[in-house]
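Below you'll find the structure, written out as structure tokens, and then a few comments.
A short reminder: the numbers here are calculations on the coordinates, not readings from a lab. These numbers were taken from a predicted model, which means no experiment stands behind them. Neighbour counts run over all protein chains shown; Cβ positions are idealised from the backbone, glycine included.
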Amino acid sequence: MDLPEPRAGDGEVVIRAAAIDTIYVETQIRGGWGERFGVSPPYVPGGAAAGTVVAVGPGVSASWVGRRVVAGAGTRGSYAEFVRTGVERVVPVPDGLGLREAAALAHDGVTAMGILDGVGLGPGDRVLILGAAGGMGTLLVQLARRHQAHVTGAARGVDKLALVRRLGADAVVDYSVEGWTGAFEGWSVDVLLDGVGGTLGAEAFELVVDGGRVSAHGAASGEFAPVQAERGIRLRGIADVQFSAAEMVRLTARALGEAAEGRISPVIGREYPLSAAAEAHRAIEARSIAGKALLIP
């Protein structure tokens with residue numbers, strides 16, 4: 001679809017996109033979840049991108065022009081060659097970090113940082129990460145190891161489990177195998193980071209020790225895990241990782257800084273031309289990509 005090149009309004013910038021982030025929920029919005037997110041067709045998908053500022057609107061310093069930036073989470077219509085967003089959502093990309101890597105952190109870096117801040121991860125914590133080979137899961141594995149936690153990564157299939165191992169997980173488990181929770185016989189986990197939801201999330205919840213912490217933030221299975229706070233477990237949900245623009249900017253800058261310093265590395269599993277966005281969505285829905293899928297204009 002061809003649309004006119006956007007013009008920056010008051011407090012806005014226009015960015016020439018170099019890489020566009022994709023997340024699973026965008027396939028769900030396209031599939032009928034739009035009302036939950038205030039989206040109705042026809043619409044341009046996408047919520048974040050990285051590129052170079054080419055224009056600014058009234059009230060925005062001209063010093064932004066030419067800078068490499070992320071149009072952060074909450075931006076609308078980023079599946080485009082030119083992306084318009086409010087300057088309050090723009091985050092500079094540090095020197096030494098590529099725009100593809102920056103785009104890959106635009107959503108998942110923010111959420112991963114916020115999740116770990118919320119659960120209060122510490123040395124020696126036994127952590128189970130569901131969806132450990134996904135875009136955010138791969139970041140959570142790396143961050144949890146940096147917190148000196150004992151990390152078990154749960155994913156689907158030999159190749160994804162091998163990736164999770166390479167990222168530093170102490171143990172891996174294939175949750176596509178019936179009775180997968182039997183691998184935990186005789187021990188529990190202190191922290192569950194659930195990026196999958198549904199039945200798998202509910203099964204994993206039973207592995208959490210009394211008084212443990214759970215982040216049930218994912219619904220890649222099609223629904224959030226049907227769990228409630230019990231046994232003294234501190235339960236956080238998707239509402240706890242909905243941040244203000246200012247908080248998103250802070251967390252994005254932190255994630256980009258960690259990556260620029262080499263402390264975390266987003267896994268980019270596949271890149272697609274922007275014109276093949278539908279193909280990218282099909283691959284995401286089929287769970288055939290480990291890490292992130294990016295769109296390249």
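Using only the alpha carbons of the stretch 111-241, determine the length spanned along each of the three principal axes and report them from longest to shortest in whole angstroms.
34, 31, 30
Using alpha-carbon positions, what is the distance between the centroids of the stretch 244-260 and the stretch 29-78, in Å?
16 Å
Would you give the gap between the C-alpha center of the stretch 131-173 and the C-alpha center of the stretch 1-21, rounded to a whole Å?
35 Å
Out of A171, F82, T52, whose Cα points farthest toward the positive end of the dipole of the chain (charges: +1 Lys, Arg; -1 Asp, Glu; placed on Cβ)?
T52
In the stretch 111-241, if the dipole is taken from +1 on Lys/Arg beta carbons and -1 on Asp/Glu beta carbons about the Cα centre, which of T199, H147, G182 is farthest to the positive end?
Result: H147, furthest along the dipole toward the positive end.
Looking at the chain from every direction and averaging, what is the projected area of its Cα convex hull in nm²? All intermediate terms of the calculation are to be shown ahead of the outcome.
Working: hull surface 59.2 nm².
So the mean shadow area of the Cα hull is 14.8 nm².
Counting other C-beta atoms within 10 Å, and keeping those with at most 15, which DSSP coil GluC sites (Glu not before Pro) do you find in the stretch 206-268? Before the final figure, lay out each step's value.
Numbers: sites: E206, E223, E230, E247, E258, E261; in loops: E206, E223, E230, E261.
Those satisfying the criteria are E206, E223, E230, E261.
Report the one residue of S244, L274, G257 whose Cα lies farthest in the direction of the positive end of the charge dipole of the stretch 198-276 (charges on C-beta: Lys and Arg +1, Asp and Glu -1; origin at the Cα centre).
Most positive-ward Cα: G257.
Apply the Kirkwood formula to the stretch 183-297: the hydrodynamic radius equals the inverse of the mean of 1/r over all pairs of different alpha-carbon atoms; give it in Å with one decimal. Present the calculation step by step, with values, prior to reporting the outcome.
Working: mean 1/r = 0.0600 Å⁻¹.
Taking the inverse mean of 1/r over all distinct Cα pairs, the stretch 183-297 comes out at 16.7 Å.
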